[in-house]
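Take a look at the structure below.
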Amino acid sequence: MNSDLPPHRVVGLASTAPADRVAPARRSLLRAALTGTAALGAGLAIGAPSAVAATPTGSTRPRPTTAQEALRELAAGNLRWRTYRQRHPDESPAVRQTLTTGQHPFAVVLGCIDSRVPPELVFDQGLGDLMTVRSAGEVLDEAVLGSIAYGVLELGIPLVMVLGHQSCGAVKAAVQADESGEELPAHIQYLADQISPAIDHSKEGDARIDATIDANVALVRSRLAAEPDLAAKVATGDLAIVGARYELTSQLVHRTS
């Protein structure tokens, strides 16, 4: 994964969310409850990575506070994974105890439900390091979007990665349904409908499926980047939203968008 590439920025987009959408007291309660911090006014300031960085985590590892630092940490972890030198960090008794009172993950990873691609393993990260959201084919719905927005807006996470992968079954099903015209069972058709705009009709066979995997990652990334609240963070440099792909054959994660 090339961590030297600059984060993608969305220009000309600003948040349209009214400032009083959530009352301050209610927002503080939500933040305290979901981070596990003590009540009575405790909690992180919205979108303040410096406050996140200053909070002890029980780990001796430097905590990424910017998107570029987060990308470098993920790249280093993936290198350990694919060379069979995993450290399994942040799993010590001290870290576990610290995490009972709060969490300060440095990246959100939206990945597929595929059992072969667990983000914590392929990036060799531990407890409290990543906020992972998983759905078949990285499909977005309100629950997925809300989960990502929570990590960014409430925890001040500086990086969102959309992680596709080689041989994605959800993408394959969507491509095959598009070609055959047959309806897929129950709610699986919903997944296919969400992925279908990314289908690359310029290619055939396995090449079409492979190209659609990358196109789907780019589509999901662009949809996230168009969300006003997230776009405002990107515009100020507080957030990067990137696309990446995991290769099952080599265990390498590399940037795609």
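Data table
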| quantity | calculated |
| --- | --- |
| Solvent accessible area, Å² - ILE188, 1.4 Å probe, full protein context | 80 |
| Solvent-accessible area per residue for segment 160-257 (1.4 angstrom probe, square angstrom) | 43 |
| Karplus (6.51, -1.76, 1.60) ³J(HN,Hα), θ = phi - 60°, over segment 74-84, in Hz, Gly and Pro reported as x | 5, 5, 5, x, 5, 4, 4, 5, 7, 9, 6 |
| Accessible surface of segment 50-190 [probe 1.4 Å, protein heavy atoms]: carbon and sulfur percent | 55 |
| Segment 168-257: GluC sites (Glu not before Pro) falling in loop per DSSP and having at most 14 other Cβ within 10 Å | GLU182, GLU183, GLU204, GLU247 |
| Net charge over other residues, Cβ less than 14 angstrom from the Cβ of ASP200 (K, R count +1; D, E count -1) | -3 |
| Formal net charge of residues neighbouring PRO119 (Cβ-Cβ distance under 12 Å; K, R +1; D, E -1) | -3 |
| Length gained when the stretch ILE113-ALA143 is fully extended (0.36 nm per residue, less Cα-Cα span) | 9.3 nm |
| Long-range HN-HN contacts of ALA240 with modeled amide H, under 5 Å | LEU159, VAL160 |
| Cβ-based charge dipole, segment 111-181, positive-most Cα from MET131, GLY111, GLY169 | GLY169 |
| Antiparallel DSSP beta bridges within segment 145-257, percent to nearest 5 | 30 |
| Relative contact order [Cα under 8 Å, 6+ residues apart], segment 101-169, whole percent | 45 |
| For ARG134, distant residues with modelled amide H under 5 Å away | GLY111 |
| ³J(HN,Hα) computed for each position of segment 208-225 - Karplus, 6.51 cos²θ - 1.76 cosθ + 1.60, integer Hz, glycine/proline x | 5, 4, 5, 5, 5, 4, 5, 5, 5, 4, 5, 5, 5, 4, 5, 5, 5, 5 |
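The values are calculated or read from the model by the stated rules, or taken from the named source; none is laboratory data. These numbers were taken from a predicted model, which means no experiment stands behind them. As a convention, Cβ positions derive from the backbone with ideal geometry for all residues, glycine included, and neighbour counts pool all protein chains shown. Only protein heavy atoms, including side chains, enter the accessible area calculation; ligands, DNA and RNA are left aside. Shrake-Rupley method; radii C 1.70, N 1.55, O 1.52, S 1.80 Å.
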